[in-house]
Amino acid sequence: MNIAVLCSGNGSNLQAIIDKVLDGYIPAKIALVVSDNKSAFALERAKKAGVETLVLDPGDFDGREAFDREVIKNLRKKKIGLVVLAGYMRLLSGHFIKEYKDKIVNIHPALLPSFKGTHGIRDALEHGVKVTGPTVHFVDEKLDNGAIILQKAVEVKDADTEESLLGRVHKEEHKIYPEAIKLFVEGRLKIVGRKVKVKS
Ligand code: GRF
């Protein structure tokens, strides 16, 4: 299966996925890395791994759907079977979500459905939770709402700052995202209502 990874920033999750494709854990090819930010470090990581990249500037397009149509055009060319959002800071249009229905996954740093949005870890910390952690989920029309594939609990310590907590959450992200992608690629995920069943 060909997969595409969409990133806007550092790309540490992209790196974890690249590593797990290279060592054979994920039986798929990363056929394209797409970014809406030409300065994203994720692009360097992709290039270093010999993965093709595509940078599109949202300013060059007349709205969200026009941008997404261009992305889709490129994904089709590569016969992409799974779209992986990894720190992609753009909301997808309804058109994109329909086009790749049940074939788009995202990772969120907090235990959904708590603390949706851009500052999941900061919000969780400010709320005083004792446990948080990353969630991998399918993407549907609503923000951070789709069926949950995997989650991992991370304990919050009294002395935690956003940075220290994020560091431990990221470590877990880098394990569960490749795992979820592997399960998808192997055809072992089945969405049943709000639940994702994992076939053995
Ligand atoms: C991760 O914390 C992820 O949960 C969130 O964006 C961040 C991306 O980090 N969606 P990176 O670019 O993969 O390092």
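I'm trying to understand the selection: among the residues of region 63-100, which are within 16 Å of the ligand (Cβ to nearest atom) and part of a helix (DSSP H, G or I)? Listed by number, the list is empty, since nothing qualifies.
From H170, H174, grab the single residue that is over 23 Å from R188 (Cβ atoms) and in contact (Cβ under 8 Å) with a residue 60 or more places away in the chain. Break it down into steps so the answer makes sense when it comes.
Numbers: H174 fails: over 23 Å from R188 (Cβ atoms).
Of the residues listed, the single one that is over 23 Å from R188 (Cβ atoms) and in contact (Cβ under 8 Å) with a residue 60 or more places away in the chain is H170.
Counting the residues of region 151-198 that are among the aromatic types (F, W, Y) and closer than 13 Å to A110 by Cα gives 0. Of all the criteria given as (1) of a type in the set (A, V, I, L, M, F, W, C); (2) within 15 Å of the ligand (Cβ to nearest atom); (3) farther than 18 Å from E172 by Cα, the one not satisfied by A31 is (2).
Of the residues that make up region 118-128, is at least one surrounded by fewer than 22 Cβ atoms within 10 Å (Cβ to Cβ), within 16 Å of the chain's Cα centre (by Cα) and either under 27 Å from H170 (Cα atoms) or aromatic (F, W, Y) (or both)? Talk me through it step by step, then tell me what you get.
First, the residues of region 118-128 that are surrounded by fewer than 22 Cβ atoms within 10 Å (Cβ to Cβ): 118-119, 122-123, 125-128.
Filter once more, so that each one left must be within 16 Å of the chain's Cα centre (by Cα): 118-119.
With either under 27 Å from H170 (Cα atoms) or aromatic (F, W, Y) (or both) added as a condition, the list becomes 118-119.
Yes, region 118-128 has at least one match.
Provide a single number: the residues in region 142-157 that are in a loop (DSSP other than H, G, I, E, B) and more than 11 Å from the ligand (Cβ to nearest atom).
From region 142-157, those in a loop (DSSP other than H, G, I, E, B) are 142-147, 152-153, 156-157; that's our starting set.
If we keep only those that are more than 11 Å from the ligand (Cβ to nearest atom) as well, we get 142-143, 145-147, 152-153, 156-157.
So the count comes out to 9.
Just one residue in the set G187, G193, G133 is of a type in the set (G, A, S) and closer than 22 Å to G11 by Cα; that residue is G133. Within region 139-159, residues that are farther than 21 Å from V129 by Cα have Cβ atoms under 6 Å from residues that are of a type in the set (F, W, Y) and buried (at least 16 other Cβ atoms within 10 Å of the Cβ) in these pairs: G146/F138; A147/F138, counting only partners at least 6 apart in sequence or on another chain.
Looking only at region 36-53, residues that are of a type outside the set (D, E, K, R) and farther than 16 Å from I18 by Cβ come to 2 in all.
Would you check if there is a residue in region 158-176 being within 16 Å of the ligand (Cβ to nearest atom), under 24 Å from Y25 (Cα atoms), assigned to a loop (DSSP other than H, G, I, E, B) and in contact with a strand residue (DSSP E or B) (Cβ under 9 Å, 6 or more places away or on another chain)? Looking through region 158-176, none of the residues is within 16 Å of the ligand (Cβ to nearest atom), under 24 Å from Y25 (Cα atoms), assigned to a loop (DSSP other than H, G, I, E, B) and in contact with a strand residue (DSSP E or B) (Cβ under 9 Å, 6 or more places away or on another chain). Checking each residue in region 32-62 for being in a helix (DSSP H, G or I) and either under 10 Å from C7 (Cα atoms) or polar (S, T, N, Q) (or both) picks out F41, A42, L43. Here is the figure for region 129-141: residues that are surrounded by 20 or more Cβ atoms within 10 Å (Cβ to Cβ) and more than 10 Å from the ligand (Cβ to nearest atom) total 5.
Coordinate-derived values only; no laboratory data. These figures come from a predicted structure and were not determined experimentally. Neighbour counts are summed over all protein chains in view; Cβ atoms, including those assigned to glycine, are modelled from backbone coordinates with ideal geometry.
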